[in-house]
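Remarks on the structure that follows.
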Amino acid sequence: MSEPGAPDAITIVGVPSDRRVLGFEDAAARLGLATTLLPWSDALADPSRASGAHLRIESPGLDSAAADELRRRGGHSAALAHGEIGGWQEWADGLVGAVDDLARRAASCDTTPAELAALFDKRRTRRRLAALGVPVPHDGPPAAQVLRTPGRWFVKTAHGSSASGALAVTVGRGRVEALGPLVLVDGVPFNDLALHRYRDDAADAVLTALAARGPLLVERWFPKWGMRTDDRSLTIDLRIVVVDQVARVVVARGAAGPMTNLHLGNRRVDVEAVRAGVGDATWQRVLTVAEAAAGAFPRTRCVGADVMIGSEGERVAVAEINAFGDLLPGARGGGRSAYDWQVAAWLGGPSGAGWAT
Amino acid sequence: MTISTNLTTFGGFPVRTVEDHDPFPEVGAPVAWRASLNNYRSDAVTGTPDEELAGWLERLPSPETVQALIVGEWPEAFEEGAPVQALVDFAPRLPALRHLFVGEMTFEECEISWIQQGDVTPLVEAYAPQLETLFLRGTTELVLAPFTAAHLVSLGLESGGLDTTLVRAIADSTLPALRSLEVWLGTSDYGANASDDDLAALLSGAATPALSHLGLKNSDEPLRDVTALAASPLLPRLASLDLSQGTLGAECVPTLTAGAFAHLDRLDLRYHYLSDDDLTRIRAALPTTQIDAGDAQAEEEWGRFVAVGE
């Protein structure tokens, strides 16, 4: 049961029936933590519902009406078609403002508006990480010059979820190629599940369309380590759920291309196989870097750190930190799910090691 | 299957990578040394590909004993051609070299169509008399004249799109000891343009009297390939055929099952667009052939893709 000083009950601000909410509620019920749900739609209509509560902020993602409202509050009023890339900065601004409204009335909150704002902006995340000495890919040229700068670059939207609007770009020898999970429909960029390749003028069109949707961030393409599994040869990266600054659950994702996010149809690979492949020294670096990165957001109880291993199997770098990065169905660390670890943290501290070494 | 992993063995030796200006480690047994020269990773790497590789070669311990060598990344490989001159200049100091791979980079290090090669004819001339294994990855700007290599046993050209002149160059070479030839034909998007004549010349087998394994891989013209194979003097002499990584599908089944392929000991069809029924029919027609058919692909509305098109 709860340690002295731990809250008696947690109020989840989330979307009813969302598996994120159900996952946390299930773990809380098993481990003896009382929870109550404050739907995002209610929280937006009446933030006083958070008065005196201990808040867990969940993603409003599945509630499209709430997402529209948040975007509207952030200054984006146009409707967005499904998969259309846009409005992310406004969504983030709206969400940060809404969390501010709730947190100032609450007894406690598992994040802060300032840290959420930084988490939602990849440029601000990078600055925080770099200030702490956490390895990140090198800066690239300004987005407006990327197609004229020889090299291999990763272009990302500054706001927005992983791999949405991301492009791997190679520039050289009078030729340009951009590869990414997006398509243009009448000049408007949309997310797509497949990777598409754009050359020369088409690459220019895609980048221009993307730049019109919000600020872009350009990094040097960090070549990632790969592994053979079954008949396939896959590039690997790792998602580490860090709870109260300790790495608790690790998931390894494999992809046939430069983007490893699972929703692109890529796949989980066996974490132990990755660990065996890169060796304990590199594995420890991965966990250490994830924890150091979480340290850039000290008042956010749980973040999902995307960590890359370099192609030679030794260097590590942080690709991204996710505010809502704990939805990893079936994944376990030390026998516990990401939700178990967070409930244990709310109850006043888990016992035992984080990632079994 | 994009190329996501580096080789761990080459020529029968474990691969040890030495990066940039790092020291060479002590090793207790012969290894395949691999050069990885990346100016993004190390500020010390400031030279041209030839300059950097020359410096790396100078530091090779006991070069006269080195039997296997891999050149992986070189600086700005998407823009600068392979360090052929450095290898040519160093040839006299590698008398024991038998296995050479130039361009052994993953997709993440440099996509295959972006690997800039160059005229490798001097390289081949310098090393042809002694090599048993030669692999080149990346055929952009690659120039190769027909050559003679008396002891070459295994040859591979890995590409996203192979120019027909390279097919012809191999067809016109003299490779009396070659037992394994692997050619990635690629896709026309990336320059694949093998003519029927050049392919027929290659499949005549005239250049390769001892060939027992052929790979025509990563091809987006599989029907053309199997049709040419079925009519070729080479196919009956092969024990093993690799048609993997391409867009091979149902249209190839009649040719594959008509008899010309039934003598094969092994047929590699991994990464393909065949249905389970297609595979059943192929297996029935080739009952004594070991067929590897993993990594089945589903054709999407945008069509089929070769495994390594980029």
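The values are calculated or read from the model by the stated rules, or taken from the named source; none is laboratory data. Because the structure is predicted, anything quoted here is derived from the model rather than measured. Backbone-built Cβ (ideal geometry, glycine too); neighbour counts: all protein chains shown. The accessibility values were calculated without ligands, DNA or RNA, using every heavy atom of the protein model including side chains. Shrake-Rupley method; radii C 1.70, N 1.55, O 1.52, S 1.80 Å.
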> Ranked highest first by the average count of other Cβ atoms within 10 Å around their residues, in what order do A:296-309, A:40-53 fall?
Replying inline: A:296-309, A:40-53
> Mind checking the angle between helix B:49-58 and chain B's longest principal axis? C-alpha axes, 0 to 90 degrees, to the nearest 10.
Replying inline: 70 degrees
>> Within 11 Å, Cβ to Cβ, of B:Gly191, how many net charges do the neighbouring residues add up to if Lys/Arg are +1 and Asp/Glu are -1?
In response: -3
>> Which residues belonging to the range A:143-179 lose at least 40 Å² of 1.4 Å-probe accessible area when the assembly is complete, relative to their chain isolated?
In response: A:Arg152, A:Thr170, A:Arg173, A:Arg175
>> For A:Lys122, give me every one of the lysines with a C-alpha distance below 22 angstrom, ignoring sequence neighbours fewer than eight places off in its own chain.
In response: A:Lys156, A:Lys224
> By how many degrees, between 0 and 90 and to the nearest 10, does the Cα long axis of helix B:276-285 differ from the longest principal axis of chain B?
Replying inline: 80 degrees
> Can you pull the mean other chain C-beta count within 10 Å for peptide A:228-235?
Replying inline: 6
>> Counting only other residues whose beta carbon sits under 14 Å from that of A:Ala98, what net charge do I get with K and R as +1, D and E as -1?
In response: -4
> What are the extents of the Cα atoms of the range A:310-349 along their three principal axes, listed from largest to smallest and rounded to whole Å?
Replying inline: 40, 22, 21
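How large, in percent, is the carbon and sulfur part of the accessible surface of chain A at a probe radius of 1.4 Å?
Whole-percent figure for carbon plus sulfur exposure: 50.
Nearest-5 percent of antiparallel DSSP beta bridges in the protein assembly as shown? Please list the in-between numbers first.
On the way: 60 of 117 bridges.
The antiparallel proportion sits near 50 percent.
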> To the nearest 100 Å², how much accessible surface do chains A and B cover up together, summed over both, with a 1.4 Å probe?
Replying inline: 2800 Å²
> What are the residues whose amide H is under 5 Å from the amide H of A:Val243, where those residues sit 5 or more places off or on another chain and H is modelled from the backbone?
Replying inline: A:Arg248
>> Normalised by the empirical 2.2 N^0.38 Å for globular proteins, what value does the Cα Rg of chain B take?
In response: 1.01
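State in Å² the accessible area per residue of chain B; use a 1.4 Å probe, count heavy atoms of protein chains only, and round to the nearest integer.
Values: 11350 Å² over 310 residues.
On a per-residue basis, chain B sits at 37 Å².
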>> Let me check I have the definition right: for the range A:27-164, take the eigenvalues of the Cα gyration tensor, multiply each by 5, take square roots. What are those semi-axes in whole Å, largest first?
In response: 32, 20, 13
> Residues of the range B:1-50 losing 20 Å² or more of accessible area relative to the isolated chain, 1.4 Å probe, heavy atoms only?
Replying inline: B:Met1, B:Thr2, B:Ser4, B:Thr5, B:Glu19, B:Tyr40, B:Arg41
> Can you pull the percent of the range B:62-218's accessible area that's carbon plus sulfur, 1.4 Å probe, other chains left in place?
Replying inline: 49 percent
>> Need one word for the range B:53-166: rounded, prolate or oblate. Basis is the Cα gyration tensor (sqrt eigenvalues a ≥ b ≥ c); a/c below 1.5 gives rounded, then a/b vs b/c decides.
In response: oblate
>> With viscosity set to 0.890 mPa s at 25 °C, what whole-number translational diffusion coefficient in µm²/s follows for the protein assembly as shown from Stokes-Einstein and a Kirkwood radius over Cα pairs?
In response: 91 µm²/s
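Give me the inter-chain shielding for B:99-112: mean count of other chain Cβ atoms within 10 Å, whole number please. Mind dumping the intermediate values first?
Working: counts 0, 0, 0, 0, 0, 0, 2, 7, 10, 14, 8, 5, 7, 0.
That works out to 4 on average.
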